[in-house]
Amino acid sequence: MDAFLQPLMPIFSHSSSQESFERYCTGLLTDLPRKTCDGIASAVADTTTERLQYLLTDADWEAVALDRQRTEQMAQASPAGGMLAIDDTTFPKQGKHSVGVTHQYCGELGKRANCQAFVTAEYVAEGPTPSTPMHWPISGRLFLPDDWASNEERRRRAHVPGEIERQSKIEIALDLIDRAIDWNVPFELVTADAAYGHFRDFFEGLEERELRYACAVKCNFGVRKPSEVQARREAPPPKRNGKFGRKPKRHPAPLYRVDGVISGLPKKAWETITWREGSKGPMRRQFTALPVHWGKGNQTRSVDDYRTTTSEEGWLIAERLPGEDGGESETKYYFSNLPAETPLKELAMAVRSRWPIEQFYQDSKQHCGLGDFQGRLWDGLHRHVALAMLSYSFLALTRWQAGSPSVLPTLPEVHRQVLLALLTDLVERWAQMKRPELGEPFAHLLSRAPPPKESRSVTK
């Protein structure tokens, strides 16, 4: 861990901040139930609550700078050709003074509630073992609702920087993708759920950046059939009616809902595909794909109207699970601009590749204290999240280096090894203090642990 943190130390201008940085990261890797400044200070040696709070609120360093240095460090150890997953997570909060908190849908609670929404980007390696890929977070940013973005008093109290304007989650996601590009993250495909993929602005932003993508869409997402688009393009321009009449305008091809297009397909158009091994056996579904153009603007608008768009040809992908009675369960829909020659199995694997970001949210909240920040300020929240992402990245890198690509331990298993190392260090400290009566109950653990490296004690 010292070797992992050492390249990041220059981000902190003072030695006291560097020490607090190392102490805070160590605290995030403990098994404390709540990894707050008070909790960490009570369990980790050589620090105090005040020092840790100063690190989060007043010390001279930027969370984005830490994200960048860590990301570039992780990118060098990650295989090329990976994927970039976009999603957001929520932190339930009471009251109304924590920055960005508002009454909105809270995924953690499964209902509308007071919470903060944080948009993040995740690197996912594409390798021979899709059941256990290497993945780690890149960066994130708080979504600032309208009742915060336009309220100067609330912004002032929460120390929201003046340059932070009201941005949609789509705009934040595109900014995070720009960061990943600038920071040399080795990805080739962007994936997201329907909360992002359903909006054409997101696809337009990805296409402006010349990126490949495979994203979920909702059942009423609009597409056009290639044959009809081609026919409209090749049709002669409409003639003027009369000598002085207004020149008629071209109109786009018809727009169809994706559920209507898929429902008309025969049963033989579907193929059962297994894309990876899950914890309960093979992951298997039925898939189908057909070429379409995504579009917006119906036939009442001309092709010159800014509200009308017809994309380049891509793939409409559908997924379903056959019902027990021969019927069909709920169908899921995706759109991708992967090449026309892409096999159906590769399309299926692409649209099913975003699950590691959900795993990151679950594991980082459980093992790295991602959702444990109790402050109210903008910088404090972003710094805590940056430190939690760093701690998770350390576990992810340790996990990747712990075994062969075909047999990797789970992240909780790696975390248990880290906890064992912390406890071993604790027993060694007790032994140095010549108090064997304290160390004796834990002596059996030392026989199962590797010899501890020489380092200063990290726990009281």
Exercise for the section: Report, to the nearest 10°, how far helix 63-76 tilts away from the longest principal axis of the Cα atoms in the chain, using its own Cα long axis and a range of 0 to 90°. Expected result: 80
Completion exercise
Rounded to the nearest 10 Å², the accessible area of Glu204 using a 1.4 Å probe with every protein chain kept is 50
Fill in the blank from the handout: Mean Cβ-within-10 Å packing, highest first, puts peptides 51-57, 72-78 in the order 51-57, 72-78
Fill in the blank from the handout: Farthest towards the positive end of the dipole of the stretch 13-121, among Ala63, Phe118, Ala80 and with Cβ unit charges of +1 on Lys and Arg and -1 on Asp and Glu, lies the Cα of Phe118
Problem - Exposure rank, largest accessible area first [Tyr306, Tyr196; 1.4 Å] - result: Tyr306, Tyr196
Problem - For Val217, residues with placed amide H under 5 Å, excluding near neighbours - result: Tyr333, Tyr334, Phe335
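Relative contact order for the chain using alpha-carbon pairs under 8 Å, separation at least 6, rounded to a whole percent? It would help to have the intermediate numbers written out before the result.
Values: 770 pairs, mean separation 80.4, N = 460.
Relative CO of the chain lands at 17 percent.
Taking the Cβ of Arg68 as the centre, find all other residues whose Cβ is under 13 Å away and add up their charges (Lys, Arg: +1; Asp, Glu: -1). Walk me through the numbers on the way to the answer.
Numbers: positive: Arg70, Arg179; negative: Glu62, Asp67, Glu72, Asp178, Asp182.
With Lys, Arg at +1 and Asp, Glu at -1, the net is -3.
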Practice task
Apply the Karplus parameterisation 6.51 cos²θ - 1.76 cosθ + 1.60, with θ equal to phi minus 60°, to every residue of the stretch 251-257 and state each ³J(HN,Hα) to the nearest whole Hz, in sequence, with x for glycine and proline.
Solution key: 10, x, 5, x, 10, 10, 6
Practice task
Give the long-range amide H neighbours of Ser139: residues separated by 5 or more places, or on another chain, with amide H under 5 Å away, using H modelled in the peptide plane at 1.01 Å from N.
Solution key: Ala121
Handout entry: Whole-Hz ³J(HN,Hα) from phi, Karplus 6.51 cos²θ - 1.76 cosθ + 1.60, for the stretch 105-117, glycine and proline x
Key = 5, 10, x, 5, 9, x, 7, 6, 6, 5, 6, 9, 10
Fill in the blank from the handout: Gyration tensor (Cα only) of the chain to equivalent ellipsoid, semi-axes in Å sorted down, yields 48, 27, 18
Exercise for the section: Starting from 0 in steps of 10 Å, tell me what percent of the Cα-Cα pairs of the stretch 72-131 lands in each bin. Expected result: 20, 33, 21, 22, 3
Fill in the blank from the handout: With the dipole of the chain defined by +1 on each Lys or Arg Cβ and -1 on each Asp or Glu Cβ, the option from Gln167, Gln18, Ala180 whose Cα lies farthest towards the positive pole is Gln167
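Over the stretch 250-355, what lengths in whole Å, largest first, do the semi-axes of the equivalent ellipsoid take, defined as the square roots of 5 times the eigenvalues of the alpha-carbon gyration tensor?
Values: eigenvalues 187, 51, 24 Å².
So the equivalent ellipsoid measures 31, 16, 11 Å along its semi-axes.
Counting pairs of Cα atoms in the stretch 70-172, how many percent are more than 24 Å apart? Display every interim value, and only then the final one.
Details: 1995 of 5253 pairs.
The answer is 38 percent, as a whole percent.
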Fill in the blank from the handout: The pairs in Lys296/Lys345; Lys93/Lys365; Lys35/Lys93; Lys247/Lys296; Lys218/Lys296 lying past 20 Å Cα-Cα in this model are Lys296/Lys345; Lys247/Lys296
Problem - Thr89 accessible area, 1.4 Å probe, all protein chains in place, Å² to nearest 10 - result: 10
Handout entry: Mean ellipticity per residue at 222 nm, deg cm²/dmol - from DSSP H runs of n ≥ 4 across the chain, formula -39500 (n - 2.57)
Key = -11000 deg cm²/dmol
Fill in the blank from the handout: Highest mean packing first, using Cβ neighbours within 10 angstrom, the peptides 361-374, 208-221, 6-19 sort as 361-374, 208-221, 6-19
Handout entry: Percent breakdown of C-alpha pair distances by 10 Å bin, ordered from the shortest bin, for the stretch 40-96
Key = 15, 24, 38, 20, 2
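What percent does the relative contact order of the stretch 1-158 come to when contacts are Cα pairs within less than 8 Å and at least six residues apart?
16
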Problem - Lys, Arg +1 and Asp, Glu -1 on Cβ, resulting dipole of the chain about Cα centre, debye, nearest 20 - result: 1740
Handout entry: Proximal aspartates and glutamates to Lys169, defined as alpha-carbon separation beneath 13 angstrom and excluding residues fewer than eight positions away on the same chain
Key = Asp87, Asp88, Asp146, Asp193, Asp201
Problem - Residues with amide H under 5 Å from that of Gly314, placed H, sequence gap 5 or more - result: Val292, His293, Trp294
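For the chain, which whole-number percentage of the solvent-accessible area (1.4 Å probe, protein heavy atoms only) is attributable to carbon and sulfur atoms? Walk me through the intermediate numbers first.
On the way: 11440 of 23130 Å².
Carbon plus sulfur share of accessible area: 49 percent.
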Completion exercise
Measure of exposure for Asp67: accessible area at 1.4 Å probe, Å² rounded to 10, is 10
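Just the number please: accessible area per residue for the chain, 1.4 Å probe, all protein chains included, in Å². Please report the intermediate quantities before stating the final value.
On the way: 23130 Å² over 460 residues.
The answer is 50 Å² per residue.
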Practice task
Counting only C-alpha contacts under 8 Å and six or more residues apart, can you give the relative contact order of the stretch 336-432 as a whole percent?
Solution key: 18
Exercise for the section: Give a residue-ordered list of calculated ³J(HN,Hα) values for the stretch 8-19 (Karplus: 6.51 cos²θ - 1.76 cosθ + 1.60, θ = phi - 60°; whole Hz; x for Gly, Pro). Expected result: 8, 4, x, 5, 9, 6, 10, 5, 5, 5, 4, 5
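The values are calculated or read from the model by the stated rules, or taken from the named source; none is laboratory data. Computed from a prediction, not measured in an experiment: that's the story for all the values here. Cβ: placed from backbone, ideal geometry, glycine included. Neighbour counts: every protein chain shown. For accessibility, only protein heavy atoms count, side chains too; no ligands or nucleic acids. Shrake-Rupley method; radii C 1.70, N 1.55, O 1.52, S 1.80 Å.
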